[in-house]
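I have placed the structure first, in the form of structure tokens, so that the comments after it can refer back to it.
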Amino acid sequence: MLLASCAHAAAGGGEKLSFGGFGKVAVVRPEGAPSGVVLFLSGEGGWAAGEQELARMLASEGTLVLGVDTAAYVKSLGAGKRCGYPAGDLEALSQFAQKKLGLPAYLHPVVVGQSLGAALAYASLVEAPVGTFRGVVALGFVPEVRMTATLCKGSGLVRQRTPDGGAERLQPVKVLPGPVRWLVGARDKVFAPARVRAFTEGMQGAEVDAVPGVGHELSAPVAWKVALLRAVAEVVRLSEPPRPVVSSTQAPDGGTLVDVSDLPLVEVPAQKDSGEAMAVLLSGDGGWAGIDGEVASTLAAEGVPVVGLDSLRYFWTRRTPEQTAKDLGRVLAHYLPALNKRHVVLVGYSRGADVLPSVVARLDPEQRQAVRSLALIAPGREAELEVHVMDLVGGGGGDPILPEVKALGGLPLVCVYGSDEADESLCPLLSDVPGATSVMLKGGHHFGGDYAAVGRAILEPLRERHEL
């Protein structure tokens, strides 16, 4: 279990919080409400004077900075696991800190790293689902992480072990899942600008800038200031999240639709007309990210329009099952007539899958009649209707999901899970539940990135029941 403590002022060291393998994380706050969040991964020397000064510069621009001693973190990375997954650790740190520090809404972070931290920042971006991070700024990049464990492939990391077996050597990818700005000292002799440019050659989304007058280290942080602030601003600009849906309240027949403008929704229009069904997809813990968008696109390609609910933003504040059912009811009352559909398939991934059965049971009878089937992707065995600090450190608990599924009265349900999660998934427990079918795919929580297979698993029973 990860251990965490509240933020506190440490003598001579500024504000700190403790979180899992990261140990003590520096908290550098802006004067007012943060406009953005940066996860700053230090170089080999730990959270030193250069990193601290650059963090203060970022905070002066309105950014909340969480400073990580990367060398200390790497010692524990992957311990007791098949491989190290820093993307998941960093996402959990970001959510934990923002929740603990009382941010009113979650802000997806930019990851900034120096030297060893730059390598880990790049690795985290390419192994994470799209949308997990805004992007990366890499200072003094070296494509090597000395660590005992291997790094997980995740959504697309390419790596190999060094000949001496003591490090992970990172390889270029063709397409980055988010913008990356490499800042390299013009005098860097550890990994010179020409070598960084060779590493990034042909890489979509990459840009390399040489910073004049400096080498590899941050001994003169003021010399990095302009380039760093500009690079972070560019990453933020290039990774703007989807604007909130502003759906018309004018119905096709001239009537007025229910207002849903207060909900964090995403619309994925159908690519062809294929019947009377639409889908509502409740995203996973990370918000509307890679798997959610890919599954929605698979359904849309088959003529099923999808309305997504960003679970991270929606459940950032406490919701009751009744309140969530009421909000889902508003989504159905708006979009069924707006899209001229009669039926809905409700889909949930991860946290979205966990909460869906209890929410469906609380829909009003007329809307419940419109629900033809459920699809639960990577559900656990307990549901929690709020992003809790204890959930993020492994000590949370929720309400059992199985009784809620059994109470659905045989509603057709497909439960999709990865083979690596069989011991913690709801799906294997559904063998004697009327109407339920479980489908096991290869991989873990992200199915090895084979989201098309997840989409097919959802679509197949719909075709068999002639709902497409």
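The values are calculated or read from the model by the stated rules, or taken from the named source; none is laboratory data. The shown structure was predicted, so the numbers you read here are calculated from the model rather than taken from an experiment. All Cβ positions, glycine included, derive from the backbone under ideal geometry; neighbour counts span all protein chains shown.
Tell me the strands (runs of 3 or more DSSP E) entirely within segment 299-398 that contain at least 2 residues that are at pLDDT 95 or above and more than 27 Å from G443 (Cβ to Cβ).
Where strands (runs of 3 or more DSSP E) fall fully within segment 299-398, none carries at least 2 residues being at pLDDT 95 or above and more than 27 Å from G443 (Cβ to Cβ).
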> Looking at (1) within 20 Å of F447 (Cβ to Cβ); (2) among the charged types (D, E, K, R); (3) not in a helix (DSSP H, G or I), can you tell me which one D188 breaks?
Replying inline: (1)
> Is it true that S239 is within 15 Å of V137 (Cβ to Cβ), out of contact with any helix residue (DSSP H, G or I) (no Cβ under 7 Å at 6 or more places or on another chain), at pLDDT below 90 and not β-branched (V, I, T)?
Replying inline: yes
> Among the listed residues L139, L125, which satisfies the condition of being in contact with a Phe, Trp or Tyr (Cβ under 9 Å, 6 or more places away or on another chain), at pLDDT 95 or above and either within 26 Å of D420 (Cβ to Cβ) or exposed (fewer than 15 other Cβ atoms within 10 Å of the Cβ) (or both)?
Replying inline: L125
>> Return the residues of segment 402-420 that are in a loop (DSSP other than H, G, I, E, B) and under 10 Å from A361 (Cβ atoms); say none if nothing qualifies.
In response: A407, L408, G409, L411
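Given the residues G213, G165, G178, which is the only one that is in contact (Cβ under 8 Å) with a residue 60 or more places away in the chain and of a type outside the set (D, E, K, R)?
Values: G213 fails: in contact (Cβ under 8 Å) with a residue 60 or more places away in the chain; G165 fails: in contact (Cβ under 8 Å) with a residue 60 or more places away in the chain.
On inspection, the qualifying residue turns out to be G178.
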> Which residue out of P163, P177, P193, P212 is assigned by TED's automatic domain parsing to the domain that holds W47, more than 20 Å from G45 (Cβ to Cβ) and under 25 Å from the mean Cα position of the chain (by Cα)?
Replying inline: P177
>> Of the conditions (1) crowded, with 20+ Cβ neighbours inside 10 Å; (2) in contact with a Ser or Thr (Cβ under 9 Å, 6 or more places away or on another chain); (3) not in a strand (DSSP E or B), D259 satisfies every one except a single condition; which number is it?
In response: (1)
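Being over 18 Å from K24 (Cα atoms) and modelled with pLDDT of 95 or more narrows it down to one residue among A72, A59; which is it?
A59
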> Among (1) modelled with pLDDT of 95 or more; (2) crowded, with 18+ Cβ neighbours inside 10 Å; (3) touching a Ser or Thr at 6+ places or on another chain (Cβ under 9 Å); (4) outside any helix (DSSP H, G or I), where does F40 come up short?
Replying inline: (3)
>> So in segment 448-468, with the set limited to residues that are hydrophobic (A, V, I, L, M, F, W, C) and modelled with pLDDT under 90, which one is nearest to Y417 (Cα to Cα)?
In response: A452
> Within segment 418-433, can you find the residues that are among the hydroxyl-bearing types (S, T, Y) and in contact (Cβ under 8 Å) with a residue 40 or more places away in the chain?
Replying inline: S425
>> Suppose we keep only residues that are surrounded by 21 or more Cβ atoms within 10 Å (Cβ to Cβ) and either hydrophobic (A, V, I, L, M, F, W, C) or out of contact with any helix residue (DSSP H, G or I) (no Cβ under 7 Å at 6 or more places or on another chain) (or both) within segment 339-352. Which one would you say is farthest from D292 (Cα to Cα)?
In response: V344
>> Against the condition in a loop (DSSP other than H, G, I, E, B), over 21 Å from the mean Cα position of the chain (by Cα) and of a type in the set (A, V, I, L, M), how does A79 come out, does it pass?
In response: yes
> Restricting to segment 301-324, what's the tally of residues that are of a type in the set (G, A, S), buried (at least 20 other Cβ atoms within 10 Å of the Cβ) and without any contact (Cβ under 8 Å) to a residue 40 or more places away in the chain?
Replying inline: 0
> Which ones in segment 152-168 are under 24 Å from V130 (Cβ atoms), among the basic types (K, R) and at pLDDT 95 or above?
Replying inline: R159
> Any residue at all in segment 282-296 that is part of a strand (DSSP E or B), modelled with pLDDT of 95 or more and closer than 30 Å to G88 by Cβ?
Replying inline: yes
> Just checking, which of A270, A220, A279 is modelled with pLDDT of 90 or more and more than 31 Å from the chain's Cα centre (by Cα)?
Replying inline: A220
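Hey, among V180, V130, which residue is at pLDDT below 95 and in contact with a strand residue (DSSP E or B) (Cβ under 6 Å, 6 or more places away or on another chain)?
Every option except V130 fails the conditions.
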> Can you name the condition, by its number, that Y417 falls short on among (1) under 23 Å from the mean Cα position of the chain (by Cα); (2) surrounded by fewer than 20 Cβ atoms within 10 Å (Cβ to Cβ); (3) at pLDDT 95 or above; (4) not acidic (D, E)?
Replying inline: (2)
